[in-house]
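The values are calculated or read from the model by the stated rules, or taken from the named source; none is laboratory data. Since the structure is predicted, the reported quantities are computational estimates derived from the model, not experimental observations. As a convention, Cβ positions derive from the backbone with ideal geometry for all residues, glycine included, and neighbour counts pool all protein chains shown.
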Amino acid sequence: MLRINDSLTIADWELVETFSRSQGPGGQNVNKVETAVELRFEAERSPHLSDPVKARLKRLAGRRWTTDGAIVIRAEETRSQARNREMARDRLVEMIRAALVAPKRRIATKPTYGSQLRRLKSKTVRGEVKSLRGKVEDPE
């Protein structure tokens, strides 16, 4: 069971962990020990998440969201399988916590009178600067 916050926990059946050999240099340890963790969370089928949260989670996950609605997180930074497993779970928890926060609705506002005047003044100053760039006439 994975605890997200006080009111939300993810059941074990929603998480699938597979282990494989890590990539990159590391000597004999890399060739014989399966320390890389691939955590798969069935987000689309999860009964614990509401539809808006799932939509935000899909946007946050990006490439990690599969076509069948699962999130795949891979951790292979350390040489310890337990530490990699913990890191993958932590990343998933942070992603779900970020998706739980609903974005604030933007309230449309009008520009203030002072800001309108400042904008128009800067436009006239800029226009004067540009008008001075023309060809110079002979005074004769």
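Every condition in (1) more than 13 Å from M95 (Cβ to Cβ); (2) in contact with an Asp or Glu (Cβ under 9 Å, 6 or more places away or on another chain); (3) touching a residue at least 40 places away in the same chain (Cβ under 8 Å) holds for R79 except the one numbered (2). Among the residues of the range 99-110, the ones that are surrounded by 10 or more Cβ atoms within 10 Å (Cβ to Cβ) and modelled with pLDDT of 90 or more come to 0 in all.
Kindly provide the set of residues from the range 84-140 that are in a helix (DSSP H, G or I), among the hydrophobic types (A, V, I, L, M, F, W, C) and farther than 30 Å from T18 by Cβ, ordered by number. Selection gives L117, L120, V125, V129.
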